[in-house]
Amino acid sequence: MKGTNLNQIGITFKGCGSFVPNQNLSNEDISRIVNTSDDWIKTRTGISNRRIASFDENVSHMGYQASLKALEMADWPVESIDLIILATSTPDDLFGSAPVIQSKLKAKNAVAFDITAACSGFIFALITASQYIQSGSYKRAIVIGSDQLSSYVNWKDRGSCILFGDGAGAIAIEANQDCNNFYGFQMKTDGERGNFLNLLNENKEGSIVDNVNFRQGNFSKISMNGQEVYKFAVREVPLIIKKLIQIAEISSSEIDWLILHQANQRILDAVGERLKIDKSKILSNLKNYGNTSAATIPLLIDESVRNKKIKTNDLLVTSGFGAGLSWSSALFRWG
Ligand code: COA
């Protein structure tokens with residue numbers, strides 16, 4: 001497999017963790033607020049339940065809890081973390097929530113910052129962290145995906161409110177001189193189609209003094225063209241995965257697990273079919289959590305490692321996709 005030679009510093013995967021809030025919102029609950037049904041939601045999306053952050057839970061709390069578990073599995077002293085990257089589109093502080101997590105962890109030697117790339121965020125953050133490690137800049141990194149979309153869902157829009165939930169996942173990766181388990185990645189963005197999925201600032205115009213205008217306001221609610229996003233995902237995700245595995249010189253039959261951003265079961269099935277990857281290799285937990293944006297991939301990896309589906313040395317191909325529009329893929333071995 002290409003990418004396994006150690007001209008550069010290798011990367012190994014040392015731990016994972018996740019956190020979901022206790023509050024559950026079922027399809028039945030949603031059918032009490034909009035005109036829908038459990039049957040419709042299940043058939044069209046595969047989702048039955050999602051978790052909703054309560055008043056005392058937010059992105060940094062969820063990300064901290066997930067990171068603690070990843071750190072415990074990696075068995076690292078907290079002072080040894082060099083880098084914390086938080087993928088989120090719903091930070092509790094627009095200036096950055098990663099530093100809040102750094103402070104909660106007491107990871108005083110780490111630099112911490114946020115990345116915003118919606119549902120592609122976790123894979124974008126993982127790729128970013130991989131570059132710092134492979135360049136020799138940092139040795140140990142915690143990569144987190146944490147999102148609280150419930151705060152931005154339009155709970156009156158049945159076309160979108162059925163999809164989203166809250167949660168967090170984290171992964172611990174480190175530099176390794178003798179072994180490389182991170183084989184490669186692909187990233188794409190198409191801002192031309194960005195209006196298919198937005199969470200815009202609802203700025204209102206005003207003036208500070210005469211002749212000096214300004215805008216101020218809050219973020220509005222998620223706006224989505226579901227059909228276009230669906231078509232985008234089913235078309236682009238197989239292509240970006242195919243390109244990655246072609247460059248890495250592996251065949252799809254060598255892949256142990258296909259880990260896709262958990263958006264819709266029909267998207268997962270369609271991507272698997274186009275890649276000719278057996279259904280038994282496509283991991284899914286969106287029935288329980290819905291689409292938790294940047295959290296879906298690390299949350300799914302963590303659950304699958306802990307229930308012993310994903311084992312050491314298993315080959316994983318992952319893809320995040322969503323607003324931007326943005327999409328990505330990463331190929332790595334667990335462990
Ligand atoms: N309950 C019942 N009916 C619903 C409904 C709901 N929750 N949401 C939409 N409908 C209706 C529509 O109004 C429409 O009715 P009409 O034919 O009378 O006009 C009908 O169902 C079909 O709507 P459509 O939008 O074509 O449904 P769909 O099969 O595309 O499913 C989504 C809608 C949102 C589930 C689907 O498009 C999807 O999942 N897209 C991807 C979204 C996504 O993953 N976003 C995040 C990416 S990171």
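Given the options T318, Q148, S252, identify the residue whose Cα lies farthest towards the positive end of the charge dipole of the chain (+1 on Cβ of Lys, Arg; -1 on Cβ of Asp, Glu).
S252
Past 21 Å, Cα to Cα: identify those pairs from K276/K308; K231/K276; K69/K279; K69/K308, in the order given.
From K276/K308; K231/K276; K69/K279; K69/K308, over 21 Å: K276/K308; K69/K279.
What value does the chain have for Rg/Rh, both radii from Cα atoms and Rh as Kirkwood defines it?
On the Cα set of the chain, Rg over Rh gives 0.97.
How large a share of the accessible area of the chain, in percent, is made up of carbon and sulfur atoms when the probe is 1.4 Å and the other protein chains stay in place?
46 percent
Quote the FRET efficiency, to the nearest 0.05, computed for D157 versus Q177 with a Förster distance R0 of 45 Å and r equal to the Cβ-Cβ distance.
Given R0 = 45 Å and the Cβ-Cβ separation, E is 0.30.
What's the Cα-based Rg to Rh of the range 161-267, Rh via Kirkwood?
That ratio is 1.12, to two decimals.
Based on Cβ point charges of +1 for Lys and Arg and -1 for Asp and Glu, what charge dipole magnitude is obtained for the range 10-180 about its Cα centre, in debye rounded to the nearest 20?
For the range 10-180, the charge dipole is close to 120 debye.
Just order 283-293, 204-214 by mean Cβ neighbour count inside 10 Å, highest at the front, would you?
Peptide ranking by packing, descending: 283-293, 204-214.
Mind checking which of L83, S97, Q65 is farthest towards the positive end of the range 53-114's charge dipole, using Cβ charges of +1 (Lys, Arg) and -1 (Asp, Glu) about the Cα centre?
It is L83.
What does the highest-first list of 64-75, 187-198 look like by mean Cβ count within 10 Å?
So the order, starting with the most tightly packed, is 64-75, 187-198.
If you take the beta carbon distance between L94 and K242 as r and set R0 to 30 Å, what does 1/(1 + (r/R0)^6) give as a FRET efficiency, to the nearest 0.05?
0.20
Express the C-alpha Rg of the range 250-327 as a ratio against the empirical globular expectation 2.2 N^0.38 Å, rounded to two decimals.
Here the Cα radius of gyration is 1.05 times the empirical estimate.
Starting from the eigenvalues of the Cα gyration tensor, five times each then square-rooted, give me the equivalent ellipsoid semi-axes of the range 35-120, largest first, whole Å.
31, 15, 12
I'd like the projected area of the range 10-180, averaged over all directions, using the convex hull of its alpha carbons. Report it in nm² with one decimal.
10.5 nm²
Mark the label point 7 Å from the Cα of D29 along Cα→Cβ and return the residues of the range 152-177 whose backbone N is within less than 13 Å of it.
Counting only backbone N, you get 162-167.
With every atom except the alpha carbons ignored, what do you get for Rg and Dmax of the range 104-235, in angstroms?
So, for the range 104-235, Rg and Dmax equal 19.4, 65 Å respectively.
For K287, put the label point 7 Å out on the Cα→Cβ axis and report which residues of the range 4-47 keep their amide N under 16 Å from it.
26-28, 38-47
Rolling a 1.4 angstrom probe over the protein heavy atoms, how many square angstrom per residue are accessible across the chain?
Value for the chain: 45 Å² per residue.
Tell me the label-point distance for the pair R44, K279, using the 7 Å Cα-to-Cβ offset, in nm and rounded to one decimal.
Output for this residue pair reads 2.2 nm.
To the nearest 20 debye, what is the magnitude of the charge dipole of the chain about its Cα centre, counting +1 on the Cβ of each Lys and Arg and -1 on the Cβ of each Asp and Glu?
Computed about the Cα centre, the dipole is about 680 debye.
Give the lysines whose C-alpha is closer than 29 Å to that of K204, dropping any in the same chain fewer than 8 places away, or say none.
Within the straight-line limit of under 29 Å, K204 reaches these lysines: K156, K221.
By DSSP, what percent of the beta bridges with both residues in the range 10-180 are antiparallel, rounded to the nearest 5?
Roughly 70 percent of the beta bridges in the range 10-180 run antiparallel, per DSSP.
Among S304, S137, S48, whose mean-square fluctuation peaks in a Gaussian network model of the chain (Cα, cutoff 10 Å)?
S137
Starting at the first residue of the range 218-227, write each ³J(HN,Hα) from the Karplus equation 6.51 cos²θ - 1.76 cosθ + 1.60 with θ = phi - 60°, in whole Hz, x for Gly and Pro.
Computed from phi, the couplings for the range 218-227 are 10, 6, 8, 10, 4, 10, 9, 9, x, 5 Hz.
Arranged from highest to lowest average of other beta-carbon atoms within 10 Å per residue, in what order do the peptides 102-113, 124-135, 158-169 appear?
So the peptides 102-113, 124-135, 158-169, ranked by packing, come out 158-169, 124-135, 102-113.
The values are calculated or read from the model by the stated rules, or taken from the named source; none is laboratory data. None of the values given here were measured: they were computed from a predicted structure. Every residue, glycine among them, receives a Cβ derived from its backbone with ideal geometry; neighbour counts consider all protein chains shown. Note: accessible area is taken over every heavy atom of the protein model, side chains too, but ligands, DNA and RNA are not part of it. Shrake-Rupley method; radii C 1.70, N 1.55, O 1.52, S 1.80 Å.
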